[in-house]
Amino acid sequence: AEDGIRDAQESRGLGDVYKRQAEYMGNRLVLYKRDKTSLTFITRSMDASKNMEDHLMASVPKAITSQVDLDDSDVDLKLTAKVMHRVLKERETMKTDEESKRFRLRYNKHYYYLRNVLLVVLPLITFFQQPAWCKSSEYAEDCTSVTGKAITIPLSRLPYLDEKVVAILDTVLMVGLLVFKILKRRFVKITRGRSFRELILIFLAAATIVADIVDLWYVVPIQVSMFTRPLFFLTYTNAVRATATLYLKILYRSKEILSIMLLNILVFTLLARVIFRGSQQEKFVFTSLWETALQLLILQTTCNFPDVMLLAYKHNRLSFFYFFAFLVIQYLMLVNMTVSFFYYHY
């Protein structure tokens, strides 16, 4: 090895990173690149005046050698640097005494897969839960079994879960997942952020169970559990939470494009109120300022096209140019620009 770079043959996988963790946690930086057969390590001395991420990013261009064979070395090494930073940070949260290490191995061997099964089943309940509108008098017949057969979900023909079954599943799954969190405390250091997330999980679990029980006896306009269940899943899972955080960061970076999209909808909403004043379009489709903006918001996805313009087009063929201009600016330009922005930064 030269310049602090280990030969690729010495590395045997991600476990090798953990075995050599201690010697780099002090004043050394570790950057790794995984390929099909090995891990390549790149080490640099750390300056105490800089934080870990600064070192990782600063070392990327200097660390590229013939040993790392990549098409886009800068991009790939930046990604691996971020991953390694996360590994180092997560490693610091683990307890190092022998009893904790033994329990962690036992947890990963016996409980880890059961916990993952519970995590997969929990969000799936929402797809088989009867929606709130089933209890309204207007749509009750769509959710009522006349022939005595099981009520099924439209199109898929899969059966809805009984309300009591939903309440039992939510209780068992969420309490079980909270137990796994308690077990994990035996080998993970308790931080303020971790404790706060656990409090949120307890609150969401209690809110979901209470909402399910209320649904058994009362007609409610909104099923709270359909919202608290995915929030519980988001708070519980590190990978999902990291992805959600990344999306929020991308949303913030794209605030200029999103502002232009909203401004464009506002402009075309005001134009519609002027252009279609007193027409059948205003009477039945663009009935108010809010409804007009809502219809245009849906139109940018083309879900209500061409239905939204048929009435106006029937009475005046020139109205086509209004909808054409909106779709070109909003759908073809701004929406595609937003999608490409998300794709690039993700």
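Could you tell me whether any residue of region 279-295 is among the aromatic types (Phe, Trp, Tyr) and either over 30 Å from Leu231 (Cβ atoms) or surrounded by 13 or more Cβ atoms within 10 Å (Cβ to Cβ) (or both)? Yes - at least one qualifying residue is present in region 279-295. Checked against (1) under 19 Å from Trp133 (Cα atoms); (2) part of a helix (DSSP H, G or I), Val179 passes all but a single condition, namely (1).
Looking at this structure, is Asp71 modelled with pLDDT under 65 and open to solvent by 60 Å² or more (accessible area, probe 1.4 Å)? Yes, satisfied.
Once region 78-134 is narrowed to residues that are of a type in the set (S, T, N, Q) and at pLDDT 80 or above, the residue that is farthest from the chain's Cα centre (by Cα) is Ser100. Is it fair to say Tyr252 is open to solvent by 80 Å² or more (accessible area, probe 1.4 Å) and not polar (S, T, N, Q)? For Tyr252, the condition - open to solvent by 80 Å² or more (accessible area, probe 1.4 Å) and not polar (S, T, N, Q) - is met. Suppose we filter region 299-312 for residues that are surrounded by 13 or more Cβ atoms within 10 Å (Cβ to Cβ) and either charged (D, E, K, R) or under 18 Å from Asn264 (Cβ atoms) (or both); how many remain? So the count comes out to 6. A Cβ distance below 6 Å, combined with a sequence gap of six or more or placement on separate chains, defines the contacts here; from region 250-273, residues that are farther than 12 Å from Gln330 by Cβ reach residues that are open to solvent by less than 80 Å² (accessible area, probe 1.4 Å) in the pairs Ile250/Phe342; Ile250/His345; Ser254/Phe341; Ala272/Phe286; Ala272/Thr292. Within region 215-249, the set of residues being more than 15 Å from the chain's Cα centre (by Cα) and surrounded by 15 or more Cβ atoms within 10 Å (Cβ to Cβ) comprises Asp215, Gln223, Val224, Ser225, Met226. Has region 187-196 got at least one residue that is open to solvent by 40 Å² or more (accessible area, probe 1.4 Å), in contact with a Lys or Arg (Cβ under 9 Å, 6 or more places away or on another chain), outside any helix (DSSP H, G or I) and charged (D, E, K, R)? There is at least one residue in region 187-196 that is open to solvent by 40 Å² or more (accessible area, probe 1.4 Å), in contact with a Lys or Arg (Cβ under 9 Å, 6 or more places away or on another chain), outside any helix (DSSP H, G or I) and charged (D, E, K, R).
The values are calculated or read from the model by the stated rules, or taken from the named source; none is laboratory data. The structure displayed is predicted, hence computed values, not measured ones. Neighbour counts run over all protein chains shown; Cβ positions are idealised from the backbone, glycine included. All accessible areas refer to the heavy atoms of the entire protein, side chains included, with ligands and DNA or RNA removed. Shrake-Rupley method; radii C 1.70, N 1.55, O 1.52, S 1.80 Å.
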